[in-house]
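What follows is a set of notes on a single structure, which appears directly below.
The values are calculated or read from the model by the stated rules, or taken from the named source; none is laboratory data. Since this is a predicted model, take the numbers as computed values, not measurements. Cβ sites come from the backbone with ideal geometry, for glycine too, and all protein chains shown count toward neighbours.
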Amino acid sequence: MTLLDSPARASAGTSPAAGAGPRPGALRRRSWAWLAALPLFLVVAVAFGLPALAMADGAFTVGDGGYGLDNVTRSVDGAYRTALLGSVKLSALTAAAGTLFGLLLAQAVVSSRGRALREAVLTASGVLANFGGVPLAFAFVATLGNAGVLTTRLGLDEHGWSLYGFWGLALTYLYFLVPLMVLTVAPALDGLRVQWREAARDCGASTWQYWRHVGVPVLLPTLLGGFVLLFGSAFAAYATAAAMVGSSVPLVTLQIADALSGNVLVGQENVALALSLDMVLVAAVVMAVHLPLQRRSTRWLA
Amino acid sequence: MARLTRSAVLLVAGVYFLVPLLASAVFTLDIPGQGLTLSSYTAILGAPGFTGSLLLSLGLAAATVVLVLLLTIPAAVAARLSAPRLRPVLEVVCTLPLVVPPVALTAGLGTVLRWGPEKLSTTPLYQTFVAVQNPDFPFVLVLAYAVMALPFVYRALDAGLRAVDVRTLVEAARDLGASWPRALVSAVLPNLRGALLNASFLTLALVLGEFTVASLLGFQPFAVWIVQASGSDARLSVAVSLLSLLLTWVLLLALTTLGNRRRPSRTPRTSRTAERKTS
């Protein structure tokens, strides 16, 4: 343990004497360290592990306590399949649009010389990225809903506009997805050194060639990582959709909520658990893609 | 980026992000038939259920912040100090909640809570199940929120711990005769002020705005109340939504100001990166 630690200690400039050789009480302290983390592990086991197990157990429970795949197959069929696909479609579309607009906005801010503008946009992004849920839904209802300010003043309803559908929801989701992308990609854009661009130019590269061979390859992990992060946020979102459209747009979160609150046939709880399991699988894939990419992109920013 | 493109992008972004806020303000202030009035805002305090749900949310938020900090600080500091093998374990445990969306977590929690009446009604555990679901203060929500906040809190803490040399701080404090808790409270925690504020703020924002778990489990904190109130008075709920955004903004600004005050201790780091950039 002390051996493993000593390079870090030396580079941190602490006294080397303390790091040499095993120290009395080191063993006792190691177990003390695990003891300090015990409450955390206990709470996670009770409040997270137990529900997760209950979910998996219920998803595979059929009839009177037997196990089977009935719920899982039903969760990817019929109306549930439509809801899953609807969620995937909405999340993919908003994540792609959010990635593009977030990148454009971040680049506009990073490349401008105004420090005040940059600070303002980044602070605003920090707030707006967390501005999901119910308040966001109501802000859009007040703006573009049936009696919304823009709808009535611009006569949008006469042109067939409705906020309470797929596109209205997509427009609303971008309100927190674009700021999330700005926060994700701004550090990476800062990491593109001026020297790289100068070096490319000195070697006779055009702006296009610089972006094609230097800029985009360096940004790619960040952009992909950001895309899946946005996808995950949109996929897991429930409050905005529930407060805004009810269940008129087929989404997996809305279906789970309906089944849980008994709005549909009795005995659907286990299908809701199977749907939850489907969501966990999608989210797991998202994290499995996002985390390594995030680690890779930080290499360039060090 | 060419100046024209940049201006166009900034203009479109400005319109998209400002119009809903301005329109919400107009929606609450300019009421057809009444003209300009503040009645949407003055009605908030008297609205039935407002005070109760706000107090419940604030109480849940305070409890969650305390719980999640009490759980993560000792674990993160200990991992940093003397158990390198604890760190990857902690990292995995604290990242796992990201894999389960709130709706799915609620589905699992609901199932566990149903075990109470179904399987445990004859055991003493049943009373615990009833107690954690007390509508006056549903502790089960605190547990769920602590789990949901865990990834953000741990990351904020870990980043804060990385910026200070915890071991030297603790060894110095111990050599000067401080007890373990004393070393933690007077030497380590003050150096983590920025990270702690950050973590607390994120948790606070998460709990105050949380709707999914509370509404599906049948409790009525603030976000759930707004949706219910919107049924009878749409302007009232928009007014409250605007105020909650304003509050978040003020909190964040306060946090950045507080965070900036301890800049000097970070100067060695920033100057090092600046050096590398210019070299």
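Among residues of the stretch B:6-15 being within 17 Å of A:Arg118 (Cβ to Cβ) and either of a type in the set (Phe, Trp, Tyr) or facing chain A (nearest Cβ under 9 Å) (or both), the one that is surrounded by the most Cβ atoms within 10 Å (Cβ to Cβ) is B:Ala13.
Take the residues of the stretch B:99-141 that are aliphatic (A, V, I, L, M) and buried (at least 23 other Cβ atoms within 10 Å of the Cβ): which is farthest from A:Val228 (Cα to Cα)? Per the criteria, the residue is B:Leu141.
Which of the residues belonging to the stretch B:164-181 are within 18 Å of B:Leu69 (Cβ to Cβ) and surrounded by fewer than 17 Cβ atoms within 10 Å (Cβ to Cβ)? Hits for the stretch B:164-181 are B:Trp180, B:Pro181. Among the residues of the stretch B:62-81, those identified as facing another protein chain (nearest Cβ under 8 Å) and touching a helix residue (DSSP H, G or I) at 6+ places or on another chain (Cβ under 7 Å) are B:Leu67, B:Leu71, B:Thr72, B:Pro74, B:Ala75, B:Val77, B:Ala78, B:Ala79, B:Leu81. Among the residues of the stretch A:143-185, not one is closer than 20 Å to A:Lys89 by Cα, among the hydroxyl-bearing types (Ser, Thr, Tyr) and out of contact with any helix residue (DSSP H, G or I) (no Cβ under 7 Å at 6 or more places or on another chain). Can you tell me how many residues within the stretch B:207-216 are within 8 Å of chain A (Cβ to nearest Cβ) and of a type outside the set (Ser, Thr, Tyr)? So the count comes out to 4. Might you check whether a residue that is more than 30 Å from B:Leu150 (Cβ to Cβ), more than 9 Å from chain A (Cβ to nearest Cβ) and within 25 Å of the chain's Cα centre (by Cα) occurs anywhere in the stretch B:19-39? Within the stretch B:19-39 (the criterion being more than 30 Å from B:Leu150 (Cβ to Cβ), more than 9 Å from chain A (Cβ to nearest Cβ) and within 25 Å of the chain's Cα centre (by Cα)), the answer is no, since none of the residues qualifies. Restricted to helices (runs of 4 or more DSSP H) entirely inside the stretch A:13-120, those with at least 2 residues that are modelled with pLDDT of 90 or more are A:26-44, A:50-59, A:78-111. Taken together, A:Ala137, A:Ala142, A:Ala124 contain a single residue that is closer than 23 Å to B:Leu208 by Cα, more than 23 Å from the chain's Cα centre (by Cα) and in a helix (DSSP H, G or I), which is A:Ala142. Filtering the stretch B:86-122 down to residues that are among the charged types (D, E, K, R) and more than 20 Å from the chain's Cα centre (by Cα), which residue is nearest to A:Met55 (Cα to Cα)? Ranking the candidates gives B:Arg114 first. The residues of the stretch B:156-174 that are free of Cβ contacts under 8 Å to residues at least 40 places away in the same chain, more than 10 Å from chain A (Cβ to nearest Cβ) and charged (D, E, K, R), listed by number, are B:Arg162, B:Arg174. Among the residues making up the stretch A:206-252, a single one is of a type in the set (Phe, Trp, Tyr) and outside any helix (DSSP H, G or I): A:Tyr238.
For B:Val77, are the conditions met, namely being surrounded by 15 or more Cβ atoms within 10 Å (Cβ to Cβ) and closer than 30 Å to A:Leu281 by Cβ? So B:Val77 does not fit the description; no. Could you say whether any residue in the stretch A:134-143 is on the phi > 0 side of the Ramachandran plot, at the interface with chain B (Cβ under 7 Å from one of its Cβ atoms) and either of a type in the set (D, E, K, R) or in contact (Cβ under 8 Å) with a residue 12 or more places away in the chain (or both)? Taking every residue of the stretch A:134-143 in turn, none turns out to be on the phi > 0 side of the Ramachandran plot, at the interface with chain B (Cβ under 7 Å from one of its Cβ atoms) and either of a type in the set (D, E, K, R) or in contact (Cβ under 8 Å) with a residue 12 or more places away in the chain (or both). Yes or no: B:Arg182 part of a helix (DSSP H, G or I), at the interface with chain A (Cβ under 10 Å from one of its Cβ atoms) and not aliphatic (A, V, I, L, M)? Criteria not met by B:Arg182.
Do the conditions hold for A:Val216, that is, is it under 23 Å from A:Val286 (Cα atoms) and free of Cβ contacts under 8 Å to residues at least 40 places away in the same chain? So A:Val216 passes the test. Within the stretch B:162-179, if we keep just the residues that are part of a loop (DSSP other than H, G, I, E, B) and under 32 Å from the mean Cα position of the chain (by Cα), the residue that is farthest from B:Arg193 (Cα to Cα) turns out to be B:Ser179.
What about B:Gly116, is it more than 7 Å from every other protein chain (Cβ to nearest Cβ) and farther than 30 Å from A:Ala36 by Cβ? It would help to see each step written out before you state the result.
Details: more than 7 Å from every other protein chain (Cβ to nearest Cβ): yes; farther than 30 Å from A:Ala36 by Cβ: yes.
Yes: the conditions hold for B:Gly116.
Residues in the stretch B:135-152: is at least one at pLDDT below 85 and outside any helix (DSSP H, G or I)?
Checking the stretch B:135-152: at least one residue is at pLDDT below 85 and outside any helix (DSSP H, G or I).
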